[in-house]
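Okay, so here's the structure we're looking at.
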Amino acid sequence: MKNIVVLVSGGGTNLQRIIDCTENGEIPDAKVTLVVADRECFGLQRAEKHGIPHHLIKRGQEFSLKLAQVVPGDTDLVILAGFLSILSTEFCEKFRGKIINIHPALLPKFGGKGMWGHHVHQAVLDAGEAESGATVHFVTPGIDEGEIILQKSFEVAEDETVEGLAEKVHRIEYEIFPKAINKVLGA
């Protein structure tokens, strides 16, 4: 059984998708063994509802150090699912090749500091992009710079809104996240 730790900052919809996929076998032979949030959020309640151990570690200078202390040594994969804090170089190196993130755009475009949620979608629209999508990538010390694991795109409609783009991207995330997790875990 592969052990997955999920890091969250918000509602935890991608966390819920991961939990559902481990329970229904779409992500086989794996389970979410810990959820860690960097702020009070609904993701923690989702973990509690499923009986998954969870921690709240407030953002700050010691965040990555405290996180490293709670992530079990037998962790096979650390997943950033709507996680907004920046991890230290030391934490990224400790779990090199075992940390992945989902990003709501087609990296390498629209990545980096400040590129999350509606900010990404607005930037895509402002740039007049013909397509958008989602990317699952390995986490490295550089923000959104890790190797791409899986990506899927769709055409951006001429009358697209930030909200509409967000909804389409989220559907793509639900589709590709389990596939990328399986790819990394060798399932």
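The values are calculated or read from the model by the stated rules, or taken from the named source; none is laboratory data. Owing to the predicted nature of the structure, the values given are computational and were not obtained by experimental measurement. So basically every Cβ, Gly included, is an ideal-geometry build from the backbone, and we count neighbours across all protein chains shown. Just so you know, the surface numbers come from the protein's heavy atoms only, side chains and all, with ligands and any DNA or RNA stripped out. Shrake-Rupley method; radii C 1.70, N 1.55, O 1.52, S 1.80 Å.
Numerical summary
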{"item": "The chain: most fluctuating residue of Ile99, Ile18, Ile172 per GNM, C-alpha cutoff 10 Å", "result": "Ile172"}
{"item": "Share of carbon and sulfur in the accessible heavy-atom surface of the chain [1.4 Å probe, %]", "result": "50"}
{"item": "Pairwise label distance in nanometres, His55 with Glu26, each label 7 Å out on the Cα-Cβ vector", "result": "2.9"}
{"item": "Lysine pairs in the range 1-143 with Cα atoms under 25 Å, if 8 or more residues apart or on separate chains", "result": "22"}
{"item": "Candidate values (i) 23, 20, 17; (ii) 26, 18, 16; (iii) 31, 18, 14, label of the one derived for semi-axes √(5λ) of the Cα gyration tensor in Å", "result": "(ii)"}
{"item": "Cα point-scatterer Debye curve for the range 87-187, base-10 log of I(q)/I(0) at q = 0.17, 0.20 Å⁻¹", "result": "-0.74, -0.96"}
{"item": "Accessible area (Å², per residue) of the chain, counting only protein heavy atoms and a probe of 1.4 Å", "result": "49"}
{"item": "Around Thr140: net Lys/Arg minus Asp/Glu count, Cβ-Cβ under 10 Å", "result": "-3"}
{"item": "The chain: most fluctuating residue of Glu40, Glu160, Glu93 per GNM, C-alpha cutoff 10 Å", "result": "Glu160"}
{"item": "Peptide ranges 117-123, 161-167, 2-8 listed from the most packed, as the mean C-beta count within 10 angstrom indicates", "result": "2-8, 117-123, 161-167"}
{"item": "Calculated FRET efficiency for the pair Gln69/Lys152, C-beta based, R₀ 25 Å, to 0.05", "result": "0.10"}
